[in-house]
Amino acid sequence: MTKVIGIDIVEFEEIKERLSDRFIKRILSEREQVRYFNMKNTDSRIAYLAGRFAAKEAYTKVYKNFDHSLNFVDVEIINDEYGAPYIVSKYKPEDDVNVSISHSRNYAVAVCIKD
């Protein structure tokens, strides 16, 4: 069985430059927005948004092509009870794509792996 991998890296400064309500609503689902707006720390918000953006970009690289244009709000990165991220997607709900997100001082990186 062949594994397919997608990876993306996002610089926090790029997110800060693009930050607006419109951008947030284009990237984050309603559930993700609730978590984002409940964060009090601006740096945490930027890291969260950058991580979700990177994960969704990595997810698109796994599939390379969708039947319809991909809408980022239809791909959710949710955390399980242990804090590990997982994907809920309207595009491929039956698929099991593993996701991992990591942050440094200035970057977020995400990798998605599909068996």
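Observations
- Flag if residue 54 is under 10 Å from the mean Cα position of the chain (by Cα) and without any contact (Cβ under 8 Å) to a residue 60 or more places away in the chain: yes
- The conditions of being closer than 24 Å to residue 97 by Cα, touching a residue at least 12 places away in the same chain (Cβ under 8 Å), crowded, with 20+ Cβ neighbours inside 10 Å and in contact with an Asp or Glu (Cβ under 7 Å, 6 or more places away or on another chain) are not met by residue 47.
- For the stretch 64-95, residues that are part of a loop (DSSP other than H, G, I, E, B), modelled with pLDDT under 95 and among the aromatic types (Phe, Trp, Tyr) total 2.
- Set 7, 15, 24: member being closer than 21 Å to residue 113 by Cα, touching a residue at least 24 places away in the same chain (Cβ under 8 Å) and either of a type in the set (Phe, Trp, Tyr) or surrounded by 12 or more Cβ atoms within 10 Å (Cβ to Cβ) (or both): 7
- Reported count of residues in the stretch 1-31, each being among the β-branched types (Val, Ile, Thr), closer than 14 Å to residue 51 by Cβ and outside any strand (DSSP E or B), is 3.
The values are calculated or read from the model by the stated rules, or taken from the named source; none is laboratory data. Being a predicted model, the structure only gives us computed values, none of them experimental. Because the Cβ atoms are built from the backbone with ideal geometry, glycine has one as well, and the counts that use them run over all protein chains shown.
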